[in-house]
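A.B. asks: Okay, here's the structure, questions in a sec.
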Amino acid sequence: MITKKETAEKIRKYLYGDLSMDELVDWAERAMMEDDFEKESFDALRDVVARLGLSDVRAFGLTLKDCEQMLSEMGYKINIEIIETN
């Protein structure tokens, strides 16, 4: 079953560079085929996962703002931390 928590974690991993765009899109496409979304959040999850599945198409893309909006639809928010690397 695809949950909000799992979907948010996939977006987090993508934003941190732990999951490539191709891996994210592949996961989303498989999730859409399974069509087994958490009942309590079915509409939001289906919409977010469908959007993630199109992220590799140039016309759609995936920006930080897109991720922020999708996470918000599922009840999450982004907290950005900037750290010095030197």
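The values are calculated or read from the model by the stated rules, or taken from the named source; none is laboratory data. Remember, it's a predicted structure, so these values are computed and weren't measured experimentally. Please note: Cβ atoms are built from the backbone with ideal geometry, for glycine as well, and neighbour counts cover all protein chains shown. Note: accessible area is taken over every heavy atom of the protein model, side chains too, but ligands, DNA and RNA are not part of it. Shrake-Rupley method; radii C 1.70, N 1.55, O 1.52, S 1.80 Å.
A.B. asks: Which count do you get for residues in the stretch 35-46 that are part of a helix (DSSP H, G or I) and either touching a residue at least 60 places away in the same chain (Cβ under 8 Å) or more than 15 Å from the chain's Cα centre (by Cα) (or both)?
C.D. replies: Residues that pass the stated criteria total 2.
A.B. asks: Now for a separate question. Tally time: how many residues in the stretch 9-43 are out of contact with any Lys or Arg (no Cβ under 7 Å at 6 or more places or on another chain) and either β-branched (Val, Ile, Thr) or under 17 Å from THR63 (Cβ atoms) (or both)?
C.D. replies: Here the count works out to 12.
A.B. asks: Next question, about the same structure. What number goes with the only condition from (1) in contact with an Asp or Glu (Cβ under 9 Å, 6 or more places away or on another chain); (2) surrounded by fewer than 18 Cβ atoms within 10 Å (Cβ to Cβ); (3) assigned to a loop (DSSP other than H, G, I, E, B) that GLU81 does not pass?
C.D. replies: Only one criterion is unmet by GLU81, namely (1).
A.B. asks: Now, a different point. Cβ contacts < 6 Å: first residue in contact (Cβ under 8 Å) with a residue 60 or more places away in the chain, restricted to the stretch 1-29; second residue part of a loop (DSSP other than H, G, I, E, B) and open to solvent by 30 Å² or more (accessible area, probe 1.4 Å), any location; separation 6+ or different chain. Result?
C.D. replies: Short answer, once both residue conditions are applied: ALA8/TYR76.
A.B. asks: Same structure, new question: Return the residue satisfying two criteria in turn: it lies in the stretch 1-30 and is closer than 14 Å to VAL48 by Cβ and charged (D, E, K, R), and of such residues it is most open to solvent (accessible area, probe 1.4 Å).
C.D. replies: Among those that are closer than 14 Å to VAL48 by Cβ and charged (D, E, K, R), it is LYS5.
A.B. asks: Suppose we keep only residues that are of a type in the set (D, E, K, R) and surrounded by 15 or more Cβ atoms within 10 Å (Cβ to Cβ) within the stretch 31-46. Which one would you say is nearest to ILE2 (Cα to Cα)?
C.D. replies: Kept after step one, since they are of a type in the set (D, E, K, R), are these residues of the stretch 31-46: 34-36, 38-40, 43, 46.
With surrounded by 15 or more Cβ atoms within 10 Å (Cβ to Cβ) added as a condition, the list becomes 38, 46.
Working: GLU38: 6, ARG46: 9 Å.
Per the stated criteria, the residue is GLU38.
A.B. asks: Select from the stretch 9-19 the residues that are over 17 Å from GLN69 (Cα atoms) and at pLDDT 95 or above and write down the one among them that is farthest from the chain's Cα centre (by Cα).
C.D. replies: Looking at residues that are over 17 Å from GLN69 (Cα atoms) and at pLDDT 95 or above, I get ASP18.
A.B. asks: Of the conditions (1) aliphatic (A, V, I, L, M); (2) more than 19 Å from GLU6 (Cβ to Cβ); (3) modelled with pLDDT of 90 or more, ILE83 fails just one. Which one is it?
C.D. replies: That leaves (3) as the condition not met.
A.B. asks: What residue, among those in the stretch 47-77 that are touching a residue at least 24 places away in the same chain (Cβ under 8 Å) and more than 12 Å from the chain's Cα centre (by Cα), is nearest to MET1 (Cα to Cα)?
C.D. replies: Only one residue tops the list, namely GLY75.
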